[in-house]
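Contents: one structure, followed by commentary.
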Amino acid sequence: MPHTAIQINDLSVVLPDGFHALDGISVDLEQGKIIGFIGPSGAGKTTLMRCLVGRQRITSGSLSIFGMPAGAPALRKMLSYMTQQTSVYTDLTVQENLRYFAAMFGIPRRDNAAAVAKILEAVDLQDKADLMVERLSGGQKQRVSLAIALVGSPKLMVLDEPTVGLDPVLREQLWTLFRHLAAAGTTLIVSSHVMEEAERCDDLLLVRDGKLLAHGEPAELRARTHTKSVEECFLKLVGAHA
Amino acid sequence: MSFSKTFATTGRVLNQLRHDHRTLGLMLVVPCVLVTILRYLFDGELKVFNAIAPMMLGIFPLLMMFLITSITTLRERTTGTLDRLMAGPISKLDFMFGYAIAFSLLGLVQASLVSGVTLGFLGVTVEGGAFRLIVAAVTAAFLGTSLGLFVSAFATSEFQAVELVMPILMPQVLLCGLFVARDHMADWLEKISDFLPLTYSVDAMKQVSNHADWTSDLTHDLLIILGFAIVALVLGSVTIRRRE
């Protein structure tokens, strides 16, 4: 029996300027899965992610993670958030960045170095540990940002466009890493506006204009819409809603 | 709140500065150069310089810590690192005090250097001694940091953060009693200056300059500065929202 990690019930967010960022989203998401938030930019993916990590005020509806309301203090230790910009301290070395976040997750000093080394290996940045982040390439910075999201072995990782701008080899590596994490029970939320990435997810949420267009496994969605790819499926659904 | 997280934040902020040699140079060397220039500006009137130099020691740390804190925290807001921290297990107070301690320590180094130059090299004498001078300068640095943290919420770019120096700090510099003694100002200006924290920083420096013993006015000034700083920190922590 799969465990539900996230329950979203009629969730709406109206931003202060009156914009309806999310409009009545209801969905249950399972633990240990890679869940893709797919949709064009401006669809509400980031807002939904910010709701999950407790950074966004919810206008109506409810959102619970591991049985607790989103934003509950006990959840903060169990989740990590990688924002769309590379949110790293560029004026620190790679290692200093990781050590700081390790301290924030309460990892004791003596375990700090080992934890950091393990994470650096996972994102293949061992040889860059002592370099200043500002000296790294865009893709490397992105991996530092992802590395920070791995600190503290969170049960839920919310990753906003984690593979954008990465080369194919690296993207492949990261997906392998995501697979390992999911197999170990981590729930991963990954947003993307690249449809080919969608095929790799276990579960998909197609989002547009703040509404949930469809939810299901990629194969299921393709079958339901009689299409060959998630991209076609998305276009067909958009057509039906337009 | 957790001490290890607060101090880890302090360490991280100081680490960032350690890598930034130019900023460190600007913060530590420039005040020394400025106070030296001031000495030769008043070459024929060393008595005047003797009275002004300690006041400058109250103004420098406030100005510099204000600028540097407002810009660094603004950067945390705009680059997403604050998003990350606020989604994670850190309390706002860890964040705020981490910053306040880091820049107060830097203020301590700055004040020690500038007092060293002023008292040693430029021959200024203060009745109250170097230690009290440094204590007063560090409280000013703490105040500058707190104001910077608070004000960074009202700027949306680094450009604006710098511009806020004009409406927020310039009036304080004008009214603090450096240019004109406060009792010579128009009554209404003097009343306004009663509510500006820099007034008390400058007065604290005057107390240290002119009195050999620790006066009750000095205690009073320092407490008021700390009060302002703490209010700014609390208001600042309100502007850092977990949920936006």
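Every number in this text was worked out from the coordinates using simple rules, so none of it is lab data. Since we're looking at a predicted model, the values are computed, not measured. Cβ placement follows ideal geometry from the backbone for every residue including glycine, while neighbour counts extend to all protein chains displayed.
Which of the lysines could a cross-linker bridge to residue B:5, judged by Cα under 28 Å and excluding same-chain residues fewer than eight apart?
Straight-line reach from residue B:5, under 28 Å: A:77, A:118, A:128, A:141, A:155, B:92.
Please give me the summed charge of the neighbours of residue A:168: other residues whose Cβ is under 12 Å from its Cβ, Lys and Arg +1, Asp and Glu -1.
On the way: positive: A:171; negative: A:167, A:172, A:196, A:197.
Charge balance in the 12 Å sphere: -3.
Where does each of B:132, B:22 land when they are ranked from fewest to most other beta-carbon atoms within 10 angstrom?
Listed from fewest to most nearby Cβ atoms, that is B:22, B:132.
Given the options B:154, B:211, B:89, identify the residue whose Cα lies farthest towards the positive end of the charge dipole of chain B (+1 on Cβ of Lys, Arg; -1 on Cβ of Asp, Glu).
Farthest along the dipole direction, towards plus: B:89.
For region B:128-207, just say rounded, prolate or oblate: build the C-alpha gyration tensor, square-root its eigenvalues into a ≥ b ≥ c, call rounded for a/c under 1.5, and beyond that prolate if a/b exceeds b/c, oblate if not.
oblate
Sort B:76-88, A:112-124, B:153-165 by the packing proxy (mean of other Cβ within 10 Å over each peptide's residues), most packed first.
Peptide ranking by packing, descending: B:76-88, A:112-124, B:153-165.
Quick one: order B:138, A:207, B:114 by neighbouring beta-carbon count within 10 Å, fewest to most.
Arranged by neighbour count, lowest to highest, B:138, A:207, B:114 become B:138, A:207, B:114.
Please state the charge dipole magnitude for region A:88-153, taken about the Cα centre, from unit charges on C-beta atoms (+1 on K and R, -1 on D and E), reported in debye and rounded to the nearest 20.
Values: 8 positive and 8 negative charges, 27 e Å.
Its charge dipole is roughly 120 debye.
Taking Cα centroids, how far is region B:156-206 from region A:46-121 in Å?
41
So who's got an amide H within less than 5 Å of the one on residue A:39, skipping anything under 5 residues away but keeping other chains? H placed 1.01 Å off N, in plane.
Sorted by chain and number, the residues that satisfy this are A:192, A:207.
Kindly write out, for region A:104-116 in residue order, the coupling ³J(HN,Hα) from the Karplus curve 6.51 cos²θ - 1.76 cosθ + 1.60 (θ = phi - 60°), rounded to whole Hz, with x marking Gly and Pro.
My calculation for region A:104-116 gives 5, 8, x, 6, x, 3, 5, 8, 4, 4, 5, 4, 5 Hz in order.
At a 10 Å Cβ-Cβ cut-off, how would you order B:185, A:157, fewest neighbours first?
B:185, A:157
Search the structure for amide H atoms under 5 Å from the amide H of residue B:243, placed 1.01 Å from N in the peptide plane, and list their residues when 5 or more places away or on another chain.
Amide H to amide H, under 5 Å and 5 or more residues apart or across chains, residue B:243 pairs with nothing.
For chain B, what does the helix formula give at 222 nm: sum of -39500 (n - 2.57) over DSSP H segments with n ≥ 4, over the residue count, nearest 500 deg cm²/dmol?
-25000 deg cm²/dmol
Roughly what % of DSSP beta bridges within chain A run antiparallel, to the nearest 5?
Just about 55 percent of them are antiparallel.
GNM, chain B, Cα, under 10 Å: largest mean-square fluctuation among B:57, B:17, B:108?
With Cα springs under 10 Å in chain B, the top fluctuation among B:57, B:17, B:108 is at B:17.
In units of 2.2 N^0.38 Å, what is the alpha-carbon radius of gyration of the protein assembly as shown?
Cα-based Rg divided by the globular estimate yields 1.17.
What list of ³J(HN,Hα) couplings, whole Hz, do you get for region A:67-81 from phi and the Karplus terms 6.51, -1.76, 1.60, once you set θ to phi - 60° and write x for glycine and proline?
x, 10, x, 3, x, 4, x, 5, 6, 4, 7, 9, 10, 9, 9
Using the Karplus equation 6.51 cos²θ - 1.76 cosθ + 1.60 (θ = phi - 60°), what ³J(HN,Hα) coupling, rounded to whole Hz, does each residue of region B:102-108 give in order, writing x for Gly and Pro?
4, 6, 5, 4, 4, x, 5
Counting only other chains, what is the mean number of Cβ atoms within 10 angstrom of the Cβ of each residue in peptide B:75-86? Walk me through the numbers on the way to the answer.
On the way: counts 3, 2, 0, 2, 7, 10, 12, 3, 10, 13, 6, 5.
Mean partner shielding for this stretch: 6.
About the Cα centre of region B:3-239, how large is the charge dipole given +1 on each Lys and Arg Cβ and -1 on each Asp and Glu Cβ? Please answer in debye to the nearest 20.
Dipole size: approximately 760 debye.
Using amide H atoms built 1.01 Å from N in the peptide plane, name the residues 5+ places from residue A:214, or on other chains, whose amide H lies under 5 Å from its own.
Those qualifying (amide H under 5 Å, at least 5 residues apart or on another chain) are A:206.
Would you list, by chain and number, the aspartates and glutamates whose Cα falls below 20 Å from the Cα of residue A:228, excluding same-chain residues fewer than 8 positions away?
Result set, ordered by chain and number: A:196, A:197, A:199, A:202, A:203, A:217, A:220.
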